[in-house]
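What follows is a single structure, written as structure tokens, with notes after it.
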Amino acid sequence: MPKKVKIHIDKVSKVYQTEDGRELSVLRELSLDILEDEFVCIIGPSGCGKTTLLSIIAGLQPATSGRILVDGDIVSGPGRDRGVVFQEDAIFLWRKVIHNVEYGLQLRKVPKTERRKIVQEYLKLVGLEDFANFFPKELSGGMKKKVALATVYANDPTILLMDEPFGSLDYPTKCRLQLELLKLWKTKTKTTVFITHDVEEAIFLSDRIVVLQNGKVETVYENLLPRPRADELRVQTEFNKIKGDLRGYLE
Ligand SMILES: Nc1ncnc2c1ncn2[C@@H]1O[C@H](COP(=O)(O)OP(=O)(O)OP(=O)(O)O)[C@@H](O)[C@H]1O
Ligand SMILES: [Mg+2]
């Protein structure tokens with residue numbers, strides 16, 4: 001049975017008014033369907049509108065024209081169905097790991113015993129069960145990303161929106177987190193929209209790669225590399241062939 005459309009992006013345009021009174025047209029009637037449980041990576045040059053698109057899907061800012069439907073409903077603001085992981089660590093520095101991860105559950109008034117059970121489950125999934133009582137300043141950059149991941153996952157959204165979450169990490173840490181993310185995605189599948197300008201990262205993670213250019217979809221690449229994916233994949237011929245193909249679009 002064909003998968004259902006989870007996110008329907010329908011001719012979305014975004015024009016920013018700049019401080020000096022000019023209009024900056026960033027997205028131009030961009031249309032795209034993202035399927036349920038799909039892992040889509042969006043790549044494109046700096047400034048092409050990736051973050052803008054993600055924040056409109058998240059409901060953090062409106063489109064100038066066009067609309068986005070999630071499960072058939074028009075997006076008019078943020079919602080619990082969409083969890084966002086930003087490029088910067090959006091975690092509370094003054095709260096211990098455990099209190100960061102349970103924050104959303106607390107807001108929703110989930111009783112403490114249930115809350116703790118959920119938090120333990122997600123800390124275990126990201127391998128941070130022994131760090132529950134640490135403060136963020138006591139963690140490495142990679143561990144902070146894992147806290148951010150566990151925090152959004154604990155809220156159980158159906159869609160995960162990620163804006164270059166691993167952009168600031170060194171290569172080995174980034175590779176490890178990509179594997180962790182795929183493991184999470186396999187255990188608790190969510191429709192995932194992942195922004196990156198790292199082509200290799202996009203190939204390693206995705207089912208489809210959407211290349212943005214000049215505020216539009218330049219091309220959509222079906223990534224048929226088999227799953228589960230392991231580090232060895234990164235040096236295989238097929239992997240590098242896709243890399244070559246995509247580079248052509250990005251130049
Ligand atoms: N709030 C804003 N007001 C005015 N212009 C903005 C605003 N936010 C973004 N822009 C402009 O919109 C364009 C696209 O920005 P956006 O952040 O979406 O790009 P991006 O593809 O995410 O880039 P990067 O890869 O560098 O993160 C840029 O030219 C930027 O200057
Ligand atoms: Mg961006």
Filtering the stretch 187-208 down to residues that are touching a strand residue (DSSP E or B) at 6+ places or on another chain (Cβ under 7 Å) and farther than 23 Å from Tyr171 by Cβ, which residue is nearest to ligand 1 (Cβ to nearest atom)?
Val193
Filter the stretch 18-36 down to the residues that are at pLDDT 95 or above and loosely packed, with under 15 Cβ neighbours inside 10 Å, then identify the one that is farthest from Gly72 (Cα to Cα).
Arg22
For the condition touching a Ser or Thr at 6+ places or on another chain (Cβ under 7 Å) and surrounded by 15 or more Cβ atoms within 10 Å (Cβ to Cβ), what is the one hit in Cys48, Cys41?
Cys41
Checked Val147, Val110 against criteria (in a loop (DSSP other than H, G, I, E, B) and free of Cβ contacts under 8 Å to residues at least 60 places away in the same chain); the one match is Val110
Of the residues that make up the stretch 54-76, is at least one modelled with pLDDT of 95 or more, surrounded by fewer than 19 Cβ atoms within 10 Å (Cβ to Cβ), touching a Ser or Thr at 6+ places or on another chain (Cβ under 6 Å) and not in a strand (DSSP E or B)?
yes
If Ser76 satisfies all but one of (1) assigned by TED's automatic domain parsing to the domain that holds Ser140; (2) of a type in the set (S, T, N, Q); (3) closer than 26 Å to Asp10 by Cα, what's the number of the condition it fails?
(1)
What strands (runs of 3 or more DSSP E), lying completely within the stretch 3-48, carry at least 2 residues that are more than 19 Å from Thr196 (Cα to Cα)?
5-17, 23-35
Subset of the stretch 208-228 that is out of contact with any Ser or Thr (no Cβ under 9 Å at 6 or more places or on another chain) and crowded, with 18+ Cβ neighbours inside 10 Å - its residue that is nearest to Lys50 (Cα to Cα):
Leu212
Residue in the stretch 122-134 that is within 30 Å of Leu224 (Cβ to Cβ) and either β-branched (Val, Ile, Thr) or assigned by TED's automatic domain parsing to the domain that holds Pro228 (or both) present:
yes
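Conditions (1) touching a Phe, Trp or Tyr at 6+ places or on another chain (Cβ under 9 Å); (2) more than 8 Å from ligand 1 (Cβ to nearest atom), marked per residue:
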residue	(1), (2)
Lys3	no, yes
Lys11	no, yes
Val15	no, yes
Leu24	yes, no
Leu30	no, yes
Asp33	no, yes
Ile43	yes, yes
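The values are calculated or read from the model by the stated rules, or taken from the named source; none is laboratory data. Remember, it's a predicted structure, so these values are computed and weren't measured experimentally. Neighbour counts are summed over all protein chains in view; Cβ atoms, including those assigned to glycine, are modelled from backbone coordinates with ideal geometry.
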